[in-house]
Amino acid sequence: MCADTASVMAAQTDISKARHDNLVHSGVILDRMLGDTTRQHYLLYVPKKSSVANAPIFVTVHGISRNAREHAKRFAPFAERYGVILVAPVFSQDRFPDYQRLGRKDKGERADIALNNIIDEVGRLTGAKTDKLFLFGYSGGAQFVHRYAMVHSDRVAKLVLGAPGWYTFPDPTVKFPRGIAQTKSLPDVTFDPKSFLTIDTCVLVGERDVRQDAALNKSAKIVQQQGENRRTRGGQWVVVMMAAARSHGLETPYTFKTVPFSRHSFSQSMKRGKMGEMVFECLFGVAK
């Protein structure tokens, strides 16, 4: 090998290393595109720890406003304090119009599969622990994460739901997304209550989140099954899930908490209601 060729190869190696180092640069929120043909967008925060190998992954999922950057910005200080890697996927309206319900047939791409691909890449980039995820979602994002947990329960450590508009109930006689009976809209998806009912779950809803706003599902079937507003629905779902767990001989913790001073607003819940502290204490305990 000539000296010039060796120099070029060495320079290319240095560039490649610099790019890799930049991809996982710690202490800043990074904009990432999944390294495949999908160009899937997500945000990544790596804490400024000396080592992030085997660090837990915290996933936070936006609502229908697609405010993933706000999620990343407000949760990054908690990720730093707890030493966890933060991932905030972006489920765009054009590709994932049905992401809250995972992405049913003829209604866009599968959001759960996209998240799995993101997590696999984050694991390769950082060495983080990818087998068990710590999940949070707000509003439409909370709809997504609890349904993700029902389908991919083997990948979920703990779950926090922030004010979903409505829920999937563990009813095998009602088709998904209201229940867990198999549906042609997700033909390859089946539900195993004995698995998803083992996941430690906390539901957080603003104490003032009782309005039937334009975004709330107000269909007669949902109102009859779950209640008239998000606060009532959250409490009802927790009761039903706890009873279902007990019927399978499980003592899984299901808790319902109200976020003080808060209506249906992620920003308000984080700023006035201290929801960030509540989420991380539910998932990881009190910070040392």
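What follows is calculated from the coordinates using simple rules that are stated; it is not laboratory data. Predicted, not measured: the structure shown is a model, and the values here were computed from it. Note that each Cβ is placed from the backbone with ideal geometry, even for glycine, and that neighbours are counted across all protein chains shown.
For the chain, the relative contact order comes to 14 percent (Cα pairs under 8 Å, sequence separation of at least 6). Charged neighbours of Asn67, selected by a Cβ distance under 14 Å, balance to +4 (K, R count +1; D, E count -1). For Ala76, neighbours were defined as the other residues whose beta-carbon sits under 12 Å from its Cβ, and their charges (Lys and Arg +1, Asp and Glu -1) total +3. Ordering Ala220, Val189, Val239 by the projection of their Cα atoms onto the charge dipole of the chain, which places +1 on the Cβ of Lys and Arg and -1 on the Cβ of Asp and Glu, puts Ala220 at the extreme positive end. Remark: C-alpha extents of the range 230-288 on the principal axes read 39, 32, 12 Å, sorted largest to smallest. Shown here is the pair-distance distribution of the range 202-242: with all Cα-Cα distances grouped in 5 Å bins from zero up to the longest one, the shares run 5, 24, 31, 25, 12, 1 percent. Specify whether the C-alpha gyration tensor of the range 184-288 places it in the rounded, prolate or oblate class, a ≥ b ≥ c being the square roots of the eigenvalues: rounded for a/c under 1.5, otherwise prolate if a/b is larger than b/c and oblate if not. Oblate shape, in that a/c is at least 1.5 and b/c is the bigger or equal ratio. For the range 26-284, the Cβ-based charge dipole about the Cα centre amounts to some 560 debye (Lys, Arg positive; Asp, Glu negative; other atoms uncharged). On a per residue basis, the convex hull of the C-alpha atoms belonging to the chain measures out at 145 Å³.
Taken over the range 111-164, the convex hull of the Cα atoms encloses 68 Å³ per residue.
Taking K and R as +1 and D and E as -1, what net charge do the other residues with C-beta under 12 Å from the C-beta of Val239 add up to? So the surrounding residues net to +2. Quick check of the Kirkwood formula: for the range 87-177, what is the inverse mean of 1/r over all pairs of different Cα atoms, in Å? Mean inverse Cα-Cα distance, inverted, gives 13.7 Å.
Ignoring lysines fewer than eight residues from Lys257 along the same chain, the ones with Cα atoms less than 18 angstrom from its Cα are Lys158, Lys271, Lys274.
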